[in-house]
Amino acid sequence: MREQIKLSKGVDWLMIWFYIILVSIGLLCIFSVEYHHADNILANLTGLKKNYARQALFIGISAVVAILILLTDSKFFTATANLSYVFGIVLLLATFVLGKDINGSRSWIPLGFFNLQPVETCKIFAALALSKYLSRPETDFSKPRSQLIAAALVLTPAAFSILQNETGLALVYFAFLIPMYREGLPAAYLIVGFSLAVLVVATILVDKNILALILTIIAAISIYILRRPIKRDKGILVLILGMWLLCVGIQRFAVPYLFTKILQPYQVERIMNTFGVDYVPDANVKKLDKSELAALAKSKEKKKAKENYNVKQSKIAIGSGGFWGKGFLKGTQTQGDFVPEQHTDFIFTTVGENFGFWGSSLVILIYVLFMLRIIFIAERQRSTFTRVYAYSLAAIIFFHVSVNICMTLGLAPVIGITLPLFSYGGSSLLTFTILIFILIRLDADRQMVLR
């Protein structure tokens, strides 16, 4: 009886209901991807022969983990935040030695019945470490030194992720800018980040010489408009020229280096195809004769068609659902296995085909309400630690949901981002389960000041 009281005292049951609803719908979607009328469902479940059976097992394991977290003292998470972060970094390093190659990415550690992806689980440790650091009384987040330390905490796992060819998951760590902004990170950093993203896109779409000319014209106009303040303070002129030089350097050198040395060719192709730009990896095309050029063009067309196949099939599946959907287990695209990776990255297509526009809108609404609930929980905290952690969770979920759905609609490159609590996978489900239930546990003690 006492354990039951301890388990339920202060628990936000609405959060738990959101979790149960999303996990349940996700399991049904995975089931609809693999179900065939001739299947023996009971045999598949008991023999773990299908992904939905394994996902059901992961849900059971996640439920046990969730209960254990609810039974844990909240102070445990603050006391072990730094130690857990070190453990996460060690796991990432171990991946280079013990890692298993899956789809060109060496980011998985085989553990028998499932593969652990440390870069996925390290989001938990990064959220805890950031919360611990920002909640310290001696941390003055208005100072650049503290901002750099906080950035290093979240970007270190991202760097390891890139080295493991998991660029998509590395981008998730930039979501931690949101809790940092809530805790006082100057808006100028976000503006610079957004401007940098615009510059990268412009570099893709606009000829490099024309873009350099545009940047020069913008700098010249800025100098003309600010000519009077510049007379009083030459530092403004230095700043404008410095920004111009930096922007030209990024578009001339940094972006090409990123695309040729850091990103994988298939990732570059996906990004280019998203913006409707042909990707030619061979720098010596001019040396080819006509027959070789024709063969290259034909090869490019085949590659482009293959690269766009997933997104095209995804759009067809979602579009075929119409407003009301075709009904559960009645989707022709889903039942015909036309959409590759439909049980993982493209799981949202099953919602669109089976339940149509209204079902897709309902799922998105549930996610939005879920994130709003997390923000509500964040703002009612006395503890900075819990508030930072809650905003970290909301930011991670927002990034995953927005990018994954945009991927399925062809509005973002296919970078391997899962849909939280929906997509098949033990690492993803356990990671989000732990993230969510740690917040529920911390919120249950919201009257305490945790550091």
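The values are calculated or read from the model by the stated rules, or taken from the named source; none is laboratory data. In this text the structure is predicted, and so the values were computed from the model without any measurement. Methodologically, a virtual Cβ is constructed for each residue, glycine included, from the backbone with ideal geometry; neighbour enumeration extends over all protein chains shown.
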Would you mind finding the one in L148, L190, L169 that is part of a helix (DSSP H, G or I), closer than 26 Å to F437 by Cα and not small (G, A, S)?
-> L169
Restricting segment 215-233 to residues that are surrounded by 13 or more Cβ atoms within 10 Å (Cβ to Cβ) and not small (G, A, S), the one nearest to the chain's Cα centre (by Cα) turns out to be L215
From L226, L288, residue being at pLDDT 80 or above, more than 22 Å from V201 (Cβ to Cβ) and hydrophobic (A, V, I, L, M, F, W, C) = L226
Six or more apart or on different chains, Cβ under 6 Å: which pairs go from a residue in segment 402-413 that's assigned by TED's automatic domain parsing to the domain that holds Q333 and crowded, with 21+ Cβ neighbours inside 10 Å to one that's of a type in the set (S, T, N, Q) and part of a helix (DSSP H, G or I)? Could you list them?
-> T408/S314; T408/T349; P413/T274
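To keep it simple, each residue is scored yes or no on (1) at positive phi; (2) free of Cβ contacts under 8 Å to residues at least 24 places away in the same chain; (3) not hydrophobic (A, V, I, L, M, F, W, C).
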residue	(1), (2), (3)
E353	no, no, yes
G356	yes, no, yes
L372	no, yes, no
S392	no, no, yes
I440	no, no, no
